[in-house]
Amino acid sequence: MEALSPQTLFTGQQLVWLPECASTNTEAQQLVGQNRATDGCCVITDKQTAGRGQRGNQWEAAPGENLTLSVVWRPAFLPAADQFLLSQVVALAVHDWLIMLLGPDDQLRVKWPNDIFFGNRKLGGILIENTLSGTKIQHSIVGIGLNVNQREFGVATATSLAQLTGRAYDLPTLAARLLESLERRYLQLRAGRVGNLRAEYLRVLYRFQEEHTYEAEGHTFRGQIVGVDEAGRLALAAAGQLHYFDLKEIRYLV
């Protein structure tokens, strides 16, 4: 990974490669605290022993077979109230990157808020941790875990690029392309192209405008995802009414 050379302005230009660590997000946060992380600093590892996912879940990946990294950004231009835009930017960047590898495919979707799915199986996860200063974002730690060369999983709901295509991938090359994709989308956000980003996110949103079963507050119901509000809450239409849900307030049922 030391030979990683992304064609970017700043994302990944400072590269910290660790053979093993508990969590790349934690390592990145420590670098920020020590004032050793530049804007765009990337921490990447072959083996993460205590990776974190959404809802406090643990993220597991076979050592040396997948991409596990964190990027530090300093989006001072973005109000704290709009921080969900970062989730949309990162999810779209990963989606772009996968299209380059797999080609356009309607099965490739972003599951709200920012898990990456192929069909009904998970390809990757994203965990963004923002530190706020008043009404501004001081820095963001963007953690990304993507299943690449791993072919066997402990759960049937996971998949990888290798499972989907039957081939093996060079991880440093893929990491460089991913950092380039991340920066392209981030620069769109910095340029104020918010409307385009929100519209593109909806176009690739898993189960968007489809009727499915969900669970909230101990009750199951049928509903249709119709959007995401500016605060990042999922909007569902059910029984003629519009409902909004935060991350831990709703479960997807098959």
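The values are calculated or read from the model by the stated rules, or taken from the named source; none is laboratory data. Quantities reported herein were computed from a predicted structural model and do not represent experimental measurements. Please note: Cβ atoms are built from the backbone with ideal geometry, for glycine as well, and neighbour counts cover all protein chains shown. Calculation scope for accessible area: heavy atoms of the full protein, side chains included, ligands and nucleic acids excluded. Shrake-Rupley method; radii C 1.70, N 1.55, O 1.52, S 1.80 Å.
Using Cα atoms only, what is the angle between the long axis of helix 24-33 and the major principal axis of the chain, expressed in degrees (0 to 90) to the nearest 10? Roughly 70 degrees, rounded to the nearest 10. Over region 204-251, with every protein chain in place, what whole percent of the accessible area is carbon and sulfur at 1.4 Å, could you tell me? On region 204-251, the fraction of accessible area on carbon and sulfur atoms equals 43 percent. Electrostatic bookkeeping for Ala216 treats Lys and Arg as +1 and Asp and Glu as -1; over the other residues with beta carbon under 14 Å from its beta carbon, the sum is 0. Label sites at Leu247 and Val226, each approximated as a point 7 angstrom past Cα along Cα to Cβ, lie 2.6 nm apart. Residue by residue, region 121-128 carries 3J(HN,Hα) couplings of 10, 8, 9, x, x, 10, 10, 10 Hz when phi is fed to the Karplus relation 6.51 cos²θ - 1.76 cosθ + 1.60 (θ = phi - 60°); x denotes Gly or Pro. Put Lys136, Lys122 in order of accessible area, highest first, and with a 1.4 Å probe you get Lys136, Lys122. To the nearest 10 degrees, how steeply does helix 194-203 sit against the main Cα axis of the chain, on a 0 to 90 scale? Between helix and principal axis, roughly 70 degrees. Our note on the geometry: Cα centres of region 150-210 and region 82-145, 7 Å apart. Max-minus-min Cα coordinates of region 105-254 on each principal axis give 49, 42, 25 Å, with the largest extent listed first. All Cα-Cα separations within the chain were binned at 5 Å from zero, giving a P(r) of 1, 6, 13, 18, 20, 17, 13, 8, 3, 1, 0, 0, each value a whole percent of the pairs. Output the 0 to 90 degree angle, nearest 10, between the alpha-carbon long axis of helix 171-190 and the longest principal axis computed from the alpha carbons of the chain. That helix lies at roughly 60 degrees to the long axis.
Restricting region 1-36 to GluC sites (Glu not before Pro) that sit in a DSSP loop and have at most 14 other Cβ atoms within 10 Å of their own Cβ leaves Glu2, Glu20.
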